[in-house]
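**Q** Provided herewith is a single structure, encoded as structure tokens, for subsequent inquiry.
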Amino acid sequence: MLMRKVPGFVPASPWGLRLPQKFLFLLFLSGLVTLCFGALFLLPHSSRLKRLFLAPRTQQPGLEVVAEIAGHAPAREQEPPPNPAPAAPAPGEDDPSSWASPRRRKGGLRRTRPTGPREEATAARGNSIPASRPGDEGVPFRFDFNAFRSRLRHPVLGTRADESQEPQSQVRAQREKIKEMMQFAWQSYKRYAMGKNELRPLTKDGYEGNMFGGLSGATVIDSLDTLYLMELKEEFQEAKAWVGESFHLNVSGEASLFEVNIRYIGGLLSAFYLTGEEVFRIKAIRLGEKLLPAFNTPTGIPKGVVSFKSGNWGWATAGSSSILAEFGSLHLEFLHLTELSGNQVFAEKVRNIRKVLRKIEKPFGLYPNFLSPVSGNWVQHHVSVGGLGDSFYEYLIKSWLMSGKTDMEAKNMYYEALEAIETYLLNVSPGGLTYIAEWRGGILDHKMGHLACFSGGMIALGAEDAKEEKRAHYRELAAQITKTCHESYARSDTKLGPEAFWFNSGREAVATQLSESYYILRPEVVESYMYLWRQTHNPIYREWGWEVVLALEKYCRTEAGFSGIQDVYSSTPNHDNKQQSFFLAETLKI
């Protein structure tokens, strides 16, 4: 040993060290070991070092996380919540070319940005992460898009295998016709109103309206998923380019929370889930942030109008009210905003709405249409499955399905509400037509709105998960309601349905005044046809759907787009000069 070679050193033990020297040496060695190994855990987080000593944690990515956000996650170690997403950029700062590239986040999850075949192929080969661009904070992301796509039951594009036995020549010809209608509607909009919210086909110009707070391009964003699903590739790229280059969020008007959510955020989310394109995800999150001030009320029930300029939730007084169909139709989109941003505030806002609705007393189990965001009490006892109430019920059953059938709260609320509707609102006319009336403090209005005609499809959709003894009943009820809505079309001169139809004075399924006789390209009736066709494969629903296509071509198609009509009972109706964005988003898609 080295110490043996030191002059004058006489070893006191076989190890060459005296007892005090041995003690000091061991003390130094133990301190060095403690310092080195302890640093691995006491220094800032490093996944690379921890993997040397800690067993890896596995996490199953993809669809399951939506159910977890809904409040039904399996037990797991808690992690600190992510930082909120950044605010909307100033003009010129929201160009997709300036956004952050994918980066690794705590927990091993990554953001992916499949912008094209080359990028997707590179990611698949090397699973590499490009460097971030300087000065870009990005938006948090906790969604594995590839895992999501791998779990889809059917391919997004193309023909499903179980359709191979269809009369392909007829079906394909009909599909091609509807695809041509979509192309015509889009090209007309692009030519005369690109960037405006909606097309006015008679005057060949665009229309902005006042319910979007200064946001533009509602038709562009509402059309994205339809263009993609119809494989209109050139048109989809046009729409995508407009979103990336011209859809700015620095607006200052007053907007409808409901309309912005379903048309803009819903459209952007759908486009992201279909394509994985980051431009749609980031725009959706930043727009969602601009809606959050609407929830700053005493109860957390949002106001219907939000000011993008001041962040106010609007003119709240003790007597003003929020509408059930509006604050009840945020759940699906806001859960996904949390999923795609990592910001829990979106999910918390809609969970609170559920909490208020579960707590408040409901007359006979029914949900009235108006609720005070100040007091949390019903403002009046008007109940409708049509306008003012409709999509609240739809979002309940779809929340149950979207959660992977784990959101028991949504399921219970839906079936309890449906039971009350059937008990107090459901009627059969003398002519044998089943309809859902409106309820005003115990007095029934024997009418049904076009908006209520979605209920046939909704009830069919929910029949599978009802109690076993009720399933056949709900399927039959769905068919009967859908038949009634078809009658409202069949009994008009144009074979298109009115905005509302009545059952009184010996008249059934017809409008009784001109103010209810218009048709604005609504999708609810054909939506129910679609659900019933998917469930039963009864060809009558396809026949009824094709009747609507022919009527649209004959009465709603103009030289420069499609327009609603003012009177469905006139064989030469006047047009309303408006191609609604939902015509491209829903009616033609279905």
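**Q** Among (1) assigned to a strand (DSSP E or B); (2) in contact with a Cys (Cβ under 9 Å, 6 or more places away or on another chain), which single condition is GLU508 missing?
**A** (2) is the only condition that GLU508 fails.
**Q** While we're on this one: Of the conditions (1) open to solvent by 10 Å² or more (accessible area, probe 1.4 Å); (2) in contact with a helix residue (DSSP H, G or I) (Cβ under 9 Å, 6 or more places away or on another chain); (3) modelled with pLDDT of 95 or more, LYS589 clears all except one; give me its number.
**A** With (1) open to solvent by 10 Å² or more (accessible area, probe 1.4 Å); (2) in contact with a helix residue (DSSP H, G or I) (Cβ under 9 Å, 6 or more places away or on another chain); (3) modelled with pLDDT of 95 or more applied to LYS589, the lone miss is (3).
**Q** Tell me the residue from LEU550, LEU584 that is open to solvent by less than 50 Å² (accessible area, probe 1.4 Å), under 29 Å from ALA193 (Cα atoms) and either assigned to a loop (DSSP other than H, G, I, E, B) or of a type outside the set (S, T, N, Q) (or both), please. Step through it out loud before you land on a result.
**A** Working: LEU550 fails: open to solvent by less than 50 Å² (accessible area, probe 1.4 Å).
LEU584 is the lone residue from the list that is open to solvent by less than 50 Å² (accessible area, probe 1.4 Å), under 29 Å from ALA193 (Cα atoms) and either assigned to a loop (DSSP other than H, G, I, E, B) or of a type outside the set (S, T, N, Q) (or both).
**Q** Is there any pair with a first residue in segment 301-313 that is closer than 10 Å to LYS290 by Cα and modelled with pLDDT of 85 or more and a second that is open to solvent by less than 40 Å² (accessible area, probe 1.4 Å) and part of a strand (DSSP E or B) whose Cβ atoms are under 6 Å apart and which are 6 or more apart or on different chains, and what are they?
**A** Note: pairs meeting the criteria are VAL306/ALA255.
**Q** Name every residue in segment 413-431 that is open to solvent by less than 40 Å² (accessible area, probe 1.4 Å) and assigned to a loop (DSSP other than H, G, I, E, B), in order of residue number.
**A** LEU425, SER429
**Q** Say whether the condition of being among the small types (Gly, Ala, Ser), free of Cβ contacts under 8 Å to residues at least 60 places away in the same chain, out of contact with any Ser or Thr (no Cβ under 8 Å at 6 or more places or on another chain) and surrounded by fewer than 17 Cβ atoms within 10 Å (Cβ to Cβ) is met by at least one residue in segment 560-572. Give the steps one after another, and end with the answer.
**A** Taking segment 560-572 and keeping what is among the small types (Gly, Ala, Ser), we get 560-561, 563-564, 570-571.
In the following step, the residues that additionally are free of Cβ contacts under 8 Å to residues at least 60 places away in the same chain were identified as 564.
So of that shortlist, the ones also out of contact with any Ser or Thr (no Cβ under 8 Å at 6 or more places or on another chain) come out as 564.
Restricting the remaining residues to those that are surrounded by fewer than 17 Cβ atoms within 10 Å (Cβ to Cβ) gives none.
Among the residues of segment 560-572, not one is among the small types (Gly, Ala, Ser), free of Cβ contacts under 8 Å to residues at least 60 places away in the same chain, out of contact with any Ser or Thr (no Cβ under 8 Å at 6 or more places or on another chain) and surrounded by fewer than 17 Cβ atoms within 10 Å (Cβ to Cβ), which makes the answer no.
**Q** Within the bounds of segment 236-255, is there any residue that is modelled with pLDDT of 95 or more, open to solvent by less than 10 Å² (accessible area, probe 1.4 Å) and under 18 Å from SER563 (Cβ atoms)?
**A** No, segment 236-255 contains no residue that is modelled with pLDDT of 95 or more, open to solvent by less than 10 Å² (accessible area, probe 1.4 Å) and under 18 Å from SER563 (Cβ atoms).
**Q** Specify the residue that is surrounded by the fewest Cβ atoms within 10 Å (Cβ to Cβ); the eligible residues are those in segment 285-309 that are touching a Ser or Thr at 6+ places or on another chain (Cβ under 9 Å) and farther than 16 Å from GLY213 by Cβ.
**A** Within segment 285-309, the match that is surrounded by the fewest Cβ atoms within 10 Å (Cβ to Cβ) is PRO298.
**Q** Which one of these does LYS470 not meet: (1) over 22 Å from SER570 (Cβ atoms); (2) touching a residue at least 40 places away in the same chain (Cβ under 8 Å); (3) basic (Lys, Arg)?
**A** (2)
**Q** Specify which of the listed residues (LEU268, LEU215) is part of a loop (DSSP other than H, G, I, E, B) and closer than 24 Å to ILE353 by Cβ. If you could, list the steps in order and put the result at the bottom.
**A** Values: LEU268 fails: part of a loop (DSSP other than H, G, I, E, B).
None of the others qualify; the one that does is LEU215.
**Q** Take segment 264-273 and flag every residue that is in contact with an Asp or Glu (Cβ under 6 Å, 6 or more places away or on another chain) and open to solvent by 20 Å² or more (accessible area, probe 1.4 Å).
**A** SER270
**Q** Also: How many residues does segment 496-538 contain that are surrounded by fewer than 18 Cβ atoms within 10 Å (Cβ to Cβ) and of a type in the set (Lys, Arg)?
**A** 2
**Q** Another question about this same structure. For ARG153, state whether it is over 29 Å from PRO573 (Cβ atoms) and either open to solvent by 80 Å² or more (accessible area, probe 1.4 Å) or free of Cβ contacts under 8 Å to residues at least 60 places away in the same chain (or both). Steps first, answer last, please.
**A** Numbers: over 29 Å from PRO573 (Cβ atoms): yes; either open to solvent by 80 Å² or more (accessible area, probe 1.4 Å) or free of Cβ contacts under 8 Å to residues at least 60 places away in the same chain (or both): yes.
Criteria met by ARG153.
**Q** Then there's this: Where the second residue is of a type in the set (Val, Ile, Thr) and open to solvent by 10 Å² or more (accessible area, probe 1.4 Å) and the first is under 16 Å from LYS303 (Cβ atoms) and lies in segment 349-370, which pairs have Cβ atoms under 8 Å and are six or more apart or on separate chains?
**A** If the second residue must be of a type in the set (Val, Ile, Thr) and open to solvent by 10 Å² or more (accessible area, probe 1.4 Å), the pairs left are VAL356/THR299; ASN369/ILE323; PHE370/ILE323; PHE370/VAL379.
The values are calculated or read from the model by the stated rules, or taken from the named source; none is laboratory data. This is a predicted model, so every value here is computed, not measured. Because the Cβ atoms are built from the backbone with ideal geometry, glycine has one as well, and the counts that use them run over all protein chains shown. Please note that ligands, DNA and RNA were not included when accessible areas were found on the heavy atoms of the full protein model with its side chains. Shrake-Rupley method; radii C 1.70, N 1.55, O 1.52, S 1.80 Å.
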